[in-house]
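The values are calculated or read from the model by the stated rules, or taken from the named source; none is laboratory data. Note that this is a predicted model, so its numbers are computed, not measured. For neighbour counting, all protein chains shown are included, and Cβ atoms are generated from backbone atoms with ideal geometry for every residue, glycine included. Ligands, DNA and RNA are stripped out before the accessible areas are found, and what is left, the full protein with its side chains, is counted by its heavy atoms. Shrake-Rupley method; radii C 1.70, N 1.55, O 1.52, S 1.80 Å.
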Amino acid sequence: MTLLTAEQYEESLRRLNLVVYQFGRRVENVVDDPMIRPSMKAVAKTYELAHVPEHEAIMTATSHITGEKINRFTHIHQNVDDLVNKSKMGRLLGRETGCCFQRCVGMDALNALSIVTYAIDEKHATSYNERFLKYLEYVQQHDLTCDGAMTDTKGVRSLPPSQQPDPDAYLHVVRETEDGIVVRGAKAHQTGAVNSHEVIVMPTMTMRKGDKAYAVSFALPSDTKGIVYIVGRQSCDTRKLEDGMLDRGNIVYGGHEALVVFDDVLVPWDRVFMYGEYDFTGLLVESFAAYHRQSYACKVGVGDVLIGAAQTAAEYNGVEKASHIKDKIVEMNHLNETLYCGCIACASQGQVMAGGTYLVDVLLANVHKHNVTRFPYEIARIAQDIAGGLMVTLPSEQDLRSPETAEWIKKYYKTREDIPTEARMRVLRLIENLTLGAAAVGYLTESMHGAGSPQAQRVMISRRINMTEKQQAAKRLCGIDH
Ligand SMILES: Cc1cc2nc3c(=O)[nH]c(=O)nc-3n(C[C@H](O)[C@H](O)[C@H](O)COP(=O)(O)OP(=O)(O)OC[C@H]3O[C@@H](n4cnc5c(N)ncnc54)[C@H](O)[C@@H]3O)c2cc1C
Ligand code: SF4
């Protein structure tokens with residue numbers, strides 16, 4: 001069993017032959033591409049911390065298949081402790097990287113498939129679970145990073161897959177061969193796609209009988225023939241191409257998303273985990289979504305960074321003792337720790353499913369993610385309040401280095417005598433990065449839409465709430481007896 005180091009992970013990516021496009025050009029060397037490399041470094045952190053004794057208990061687990069030590073990102077949760085450690089791992093990595101570290105989608109897809117392949121076999125006497133376990137062992141053996149690919153491009157939102165003007169708006173099976181199935185379509189917004197060894201595909205929503213060809217789940221090596229990646233833009237992304245590091249805000253890490261096109265791709269039978277069982281698409285989507293909504297523990301870790309930056313900016317400005325500033329910092333912490341409560345609560349109330357996999361409490365996971373669609377925005381608003389306007393009007397690093405302008409910048413943006421102007425600039429750039437720049441993709445918009453837009457959680461909350469129990473309690477207490 002392998003527990004890859006960060007360096008081995010990077011080397012393993014060099015062996016892949018991905019077809020990646022960015023800015024209208026093919027990217028031949030993905031690993032060293034200046035736009036993509038910060039996101040690779042963020043995933044590499046998930047490998048690095050597994051070797052740090054202090055973090056070992058959170059970052060590693062014991063495989064239920066082989067009994068060996070594995071990276072938690074390839075683990076199938078076996079008890080409540082596993083689920084709680086997963087939430088702690090998300091916060092830790094969010095704080096370490098200050099961005100999306102990408103590896104959770106694959107972990108959540110593996111756990112959802114562990115539940116669903118077992119359930120399909122129970123009903124249809126298929127052998128998907130056996131296939132899945134073989135695949136899982138391969139993933140654990142090689143400590144792989146998997147892209148969890150659920151979101152279709154979806155065309156006209158009000159129409160089901162089979163009635164779309166373009167039948168490829170949802171990924172589907174176009175034909176069957178002796179060797180496997182051939183699939184066509186695309187998955188949008190794929191987090192960490194070009195840093196992944198594998199791509200695990202799942203349907204995007206509950207399918208009906210007429211959409212059987214769309215009820216498909218499988219896994220493929222990320223460099224399989226016919227898979228094409230088009231990397232998405234992020235706000236302020238080209239700062240990564242500029243000289244100097246200061247204006248990036250986060251000088252090491254970042255994230256990326258991509259459109260992943262499946263252009264008539266052959267999936268061998270032993271990699272197919274669902275094929276036509278539309279009656280299990282709902283369970284797959286709900287289980288994956290619940291796990292992934294729990295995974296938004298990552299935002300708590302990124303929140304830690306933003307709160308730390310806001311406090312630092314306040315100290316640099318000499319306002320940290322002002323009562324309204326202290327109160328705002330408390331408010332940021334209150335919101336952030338409330339998010340932490342949510343991801344710990346849904347984990348600690350997790351339950352075993354048929355087959356032995358532990359699933360988070362679905363209602364609480366949805367409540368947690370719903371809070372995530374709101375609280376980071378409020379935390380970001382307060383951070384911008386404390387940072388002041390300079391966060392968006394600051395001259396560039398080049399101006400700080402230029403002999404013609406450096407002295408003016410250093411003089412006029414100086415605050416406390418003991419704080420170099422450059423330090424003040426750095427912390428403001430970090431706040432900008434997290435609330436308006438490249439990392440805001442992960443901290444804000446991904447908080448809104450990733451793992452499902454707010455309405456998706458409201459639907460799940462309304463389904464899972466026990467209203468009868470509430471009404472009975474109310475009626476009992478006020479003497480209504482029918
Ligand atoms: C940064 C980022 C990273 C992501 N990473 C991944 C990933 O790794 N893997 C993955 O599979 N997905 C990923 N996602 C996708 C995410 O799950 C989707 O963005 C989310 O499900 C919303 O889908 P959409 O973006 O197509 O928005 P849309 O579907 O266009 O939704 C926009 C609005 O329309 C509403 N709406 C949509 N359909 C309907 C309807 N039928 N009726 C009424 N209202 C409707 C929504 O509620 C929302 O308010 C990521 C998203 C982001 C932003
Ligand atoms: S948004 Fe968070 S949960 Fe999703 S992949 Fe990124 S770090 Fe993981």
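For the reader, a short list of remarks on this structure follows.
- Taken about its Cα centre, the range 7-77 carries a charge dipole of roughly 300 debye when the Cβ of each Lys and Arg holds +1 and the Cβ of each Asp and Glu holds -1.
- Over 26 Å (Cα to Cα) - which of K41/K187; K321/K414; K328/K470; K326/K414; K41/K328; K41/K88 fall in this group: K328/K470; K41/K328
- In summary, the helical segments of the chain meeting the span-like criteria, namely a full DSSP H run, a Cα extent along the axis of 27 angstrom or more and a mean Kyte-Doolittle hydropathy of at least -0.5, are 104-124, 298-317, 323-348.
- Kirkwood hydrodynamic radius (C-alpha pairs) into Stokes-Einstein, the range 124-216, 20 °C and 1.002 mPa s, D in µm²/s: 145 µm²/s
- Whole-percent carbon and sulfur share, accessible surface of the range 94-152, 1.4 Å: 46 percent
- Share of pairwise Cα separations in the range 398-482, more than 16 Å, in percent: 73 percent
- Vicinal HN-Hα couplings computed from phi for the range 26-35 (Karplus, 6.51 cos²θ - 1.76 cosθ + 1.60; Hz; Gly/Pro x): 6, 9, 7, 10, 5, 4, 9, 5, x, 6
- Placing a label point 7 Å from the Cα of N79 along the Cα-to-Cβ line, the residues of the range 356-395 whose backbone N sits under 19 Å from it are 356-361.
- Evaluated at q = 0.17 Å⁻¹, the base-10 log of the normalised Debye intensity for the range 241-307, with identical point scatterers placed on the Cα atoms, takes the values -0.95.
- Accessible area in square angstrom per residue, the chain, 1.4 angstrom probe: 43 Å²
- Rounded to the nearest 20, the Cβ-based charge dipole of the range 326-391 about its Cα centre (Lys and Arg +1, Asp and Glu -1) stands at 100 debye.
- D243 - accessible surface, heavy atoms, 1.4 Å probe, Å² rounded to 10: 120 Å²
- Global geometry of the range 4-96, whether rounded, prolate or oblate, following the gyration tensor of its Cα atoms and the 1.5 cut on a/c: prolate
- The amide H of Q190, built 1.01 Å from its N in the peptide plane, has A258, L259, V260 as neighbours under 5 Å, considering only residues 5 or more places off or on other chains.
- Ligands, DNA and RNA left out, the 1.4 Å accessible surface of the range 225-264 is 55% carbon and sulfur atoms.
- Taking a quarter of the surface of the Cα convex hull of the chain gives a mean projected area of 27.3 nm².
- Whole-number D in µm² s⁻¹ for the range 68-159, Kirkwood Cα-pair radius fed into Stokes-Einstein, 20 °C, 1.002 mPa s: 143 µm²/s
- Here, the range 212-276 yields an orientationally averaged convex hull projection of 6.5 nm² when only Cα atoms define the hull.
- Cα pair distances of the range 417-467 binned at 10 Å [whole percent]: 23, 26, 22, 16, 10, 4, 0
- Here the dipole of the chain is about 1200 debye; that uses its Cα centre as origin and unit charges on the Cβ of Lys and Arg (positive) and Asp and Glu (negative).
- Bins of 5 Å, starting at 0 and running to the largest distance - Cα pair percent for the range 176-330: 2, 7, 12, 14, 15, 13, 9, 8, 7, 6, 4, 3, 1, 0, 0
- Percent of alpha-carbon pairs separated by more than 20 Å within the range 339-432: 58 percent
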